[in-house]
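*Asks:* Dropping the structure in here first, questions after.
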Amino acid sequence: MTDKELHGFYLELVARLQARGILCAITSGLACVHFQLAETTKDCDLLCHPQNFSLLLDELAAQQVGGLPCAYRGNLSPPLDERWHRGGWTSHFNWGRGPGAVTLDVFGRALRGSGPWEGEVSGLYISPHIVAQMKRTNRDKDWPFITLLGTRLVKMGDQRGWLHIFSEDTLAELLRDFSCPAELLARRPALRLAVERDQRVRAALLAERLLWERLDALRISIYERALRPYLVAVRRARMPDGMPLAESHPIRLQCAEVHLAVSPLRDYGIERLIEAARHEAIHKSGLIAEATLWLPDVRENFAYLN
Amino acid sequence: MNPSMKMPPPTPAQLRRLQQIERAFHVRAFGEELARVNLELTEAERWDYLSWMRTTAEHHGIDLRAQGVHAWMDRLEAEVEMEELVKETSSQP
């Protein structure tokens, strides 16, 4: 499948899912390209309301690509089931294997989303605000995209864009011509420093980014530990390659019910996670202790686990 | 969106200023070429450009999925596969 065909396939798939009444929207890399930000992704990340999972599973089971059926990706994908998605898990599918595989990653919850994503769908895509929240990862490549999604939001008349700008220069340029609402200054200390033309704004932005990076790294290590016994169980179930989704899904569910914690991050403790990430972001990074005061309250970004 | 977060649409002069700010960051973050790709091409043209980038990268052996959200999952699966194979091999008579 050529890149153009692949892109067309994803758009047609999501349009068909929506036409069937499935509440879903494209997020991450493909959404970035739509928002005028070229990203070389080949995967489609899809937000889908968990109540529509069984419909989605039916659609995927019926969808072939080049004669290949849709299958769960390797042994690692958690089942497409509301219980685990409410706990922050994601499900992964592919058609075919290797570099030419067509892949679909399904998110029932917008990771790091501070509110419900369901009201933020526009056409086939989720809003830049949700994409920017989901992109706060420990990968360097995501960060310039976040700032650009922020400027795009401001251009669209959405003040939440101010929450996503991580470039000191861009903030200073914006503040010359536009004003930032007081409500956001209270939520994001780095913004307040920028408005006050405080020279510490660069350090505050760096501290904030480090916090998000550490939160993501810790999150991954927690999910990785929880995933291992499930992965072993699925492997031992020895499902043949290309097993129809209708048959493999119940087996994955059985494995998950015994071996996969529903919500490992909640079990670990959100406050504990945030405290550990704040400590690593400031003290282990050699930033001055005062930088702790510049970190935003990120608890709302984990409310999706409640 | 919370209605308090909605602001009036920018005036033409404000929009021009926002475009300048956006472009300046594009150039700083990605360079002049990608700034043109993102801000001057249509979405279809941008997809063509990305297709060329991907083909060139893959031709040179770059795995574009290695940085994906499930990179850690792929690594974990490879680790577990190796551990299980070792267990299976060592338990054989």
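*Asks:* Arrange the peptides A:74-87, A:166-179 so that the one whose residues have, on average, the most other Cβ atoms within 10 Å appears first.
*Replies:* Ranked by mean Cβ neighbours within 10 Å, highest first: A:74-87, A:166-179.
*Asks:* Would you calculate a helix-derived [θ] at 222 nm for chain A, using -39,500 (n - 2.57) for each DSSP H run of n ≥ 4 and dividing by the full residue count, to the nearest 500?
*Replies:* Computed mean residue ellipticity for chain A: -15500 deg cm²/dmol.
*Asks:* In what order do A:ILE288, A:ILE222, A:ILE274, A:ILE130 fall by count of nearby beta-carbon atoms within 10 Å, going from fewest to most?
*Replies:* A:ILE288, A:ILE222, A:ILE274, A:ILE130
*Asks:* Whole-Hz Karplus ³J(HN,Hα) for the stretch A:131-141, in order, using 6.51 cos²θ - 1.76 cosθ + 1.60 and θ = phi - 60°, x for Gly and Pro?
*Replies:* Each residue's phi maps through the Karplus curve to give 4, 5, 5, 5, 7, 7, 10, 9, 9, 3, 5 Hz.
*Asks:* Quote to one decimal, in nm, the extra length available between A:GLN18 and A:GLU5 on full extension: 0.36 nm per residue of separation minus the C-alpha distance between them.
*Replies:* Contour length minus Cα-Cα distance gives 2.7 nm.
*Asks:* Hey, could you get me the Stokes-Einstein D for chain B, Kirkwood radius over alpha-carbon pairs, 10 °C and 1.306 mPa s, rounded to whole µm² s⁻¹? Mind dumping the intermediate values first?
*Replies:* On the way: Rh = 18.3 Å.
Answer, rounded: 87 µm²/s.
*Asks:* List the pairs from A:LYS42/A:LYS141; A:LYS42/A:LYS135; A:LYS42/A:LYS155 whose alpha-carbon separation is above 20 Å, in the order I gave them.
*Replies:* Pairs exceeding 20 Å: A:LYS42/A:LYS155.
*Asks:* Using the Cβ atoms and a cut-off under 15 Å, what net charge is assigned to the surroundings of A:GLY269, where Lys and Arg are +1 and Asp and Glu are -1? The partial results should precede the final answer.
*Replies:* Details: positive: A:ARG219, A:ARG225, A:ARG266, A:ARG272, A:ARG278, A:ARG299; negative: A:ASP267, A:GLU271, A:GLU275.
Local net charge: +3.
*Asks:* When all alpha-carbon pairs of the protein assembly as shown are counted, what percent fall beyond 27 Å?
*Replies:* Distances greater than 27 Å cover 53 percent of the Cα pairs.
*Asks:* Rounded to the nearest 0.05, what FRET efficiency is calculated for B:GLU33 and B:ASP63 with R0 set to 22 Å and r the Cβ-Cβ distance? Mind showing how you got there, number by number?
*Replies:* Values: r = 23 Å, r/R0 = 1.04.
According to the calculation, E is roughly 0.45.
*Asks:* Once the piece of chain linking A:GLU196 and A:ASP241 is laid out straight, how much longer is it, given 0.36 nm per residue of separation minus the C-alpha distance between them?
*Replies:* Using 0.36 nm per residue and subtracting the Cα-Cα distance, I get 10.2 nm.
*Asks:* Tell me, which cysteines of the protein assembly as shown are without a disulfide-compatible partner by the Cβ under 4.7 Å rule?
*Replies:* Singleton cysteines: A:CYS32, A:CYS44, A:CYS70, A:CYS180, A:CYS255.
*Asks:* Could you give the nm distance between label points at A:ALA217 and B:SER51, where each point is 7 Å from its Cα heading toward the beta carbon?
*Replies:* 3.9 nm
*Asks:* I would also like to ask the following. Using θ = phi - 60° and the Karplus form 6.51 cos²θ - 1.76 cosθ + 1.60, what ³J(HN,Hα) does each residue of the stretch A:18-35 get, whole Hz, x for Gly and Pro?
*Replies:* Listing the rounded values in order: 5, 5, 7, x, 7, 7, 8, 7, 6, 10, 6, x, 5, 5, 4, 4, 4, 8 Hz.
*Asks:* Here's a follow-up. Could you pull out every residue, at least 5 positions away or on a different chain, whose amide H is within less than 5 Å of the one on A:ARG73? Hs are placed 1.01 Å off N in the peptide plane, and Pro or chain starts have none.
*Replies:* A:HIS92, A:PHE93, A:ASN94
*Asks:* Excluding residues on the same chain fewer than 8 positions from B:LYS6, give the aspartates and glutamates whose Cα lies under 15 Å from its Cα.
*Replies:* A:GLU120, A:ASP158, A:GLU183
*Asks:* Calculate the spin-label point distance for A:GLU118 paired with A:ASP58, positioning each point 7 Å from the Cα along the beta-carbon direction, and give it in nanometres.
*Replies:* Inter-label distance under the simple model: 1.9 nm.
*Asks:* Between beta-carbons, use under 15 Å as the cut-off and find the net charge around A:LYS4, counting Lys and Arg +1, Asp and Glu -1.
*Replies:* -3
*Asks:* Also: Compute the acute angle (0 to 90°) between the alpha-carbon long axis of helix B:43-59 and the principal axis of greatest extent of the alpha-carbon atoms of chain B; round to the nearest 10°.
*Replies:* For helix B:43-59, the angle is close to 30 degrees.
*Asks:* Could you tell me how many degrees, from 0 to 90 and to the nearest 10, lie between the Cα long axis of helix A:168-177 and the main elongation axis, the longest principal axis, of the Cα atoms of chain A?
*Replies:* The two axes meet at around 70 degrees.
No value in this document is a laboratory result; all are computed from the given coordinates. Note that this is a predicted model, so its numbers are computed, not measured. Please note: Cβ atoms are built from the backbone with ideal geometry, for glycine as well, and neighbour counts cover all protein chains shown.
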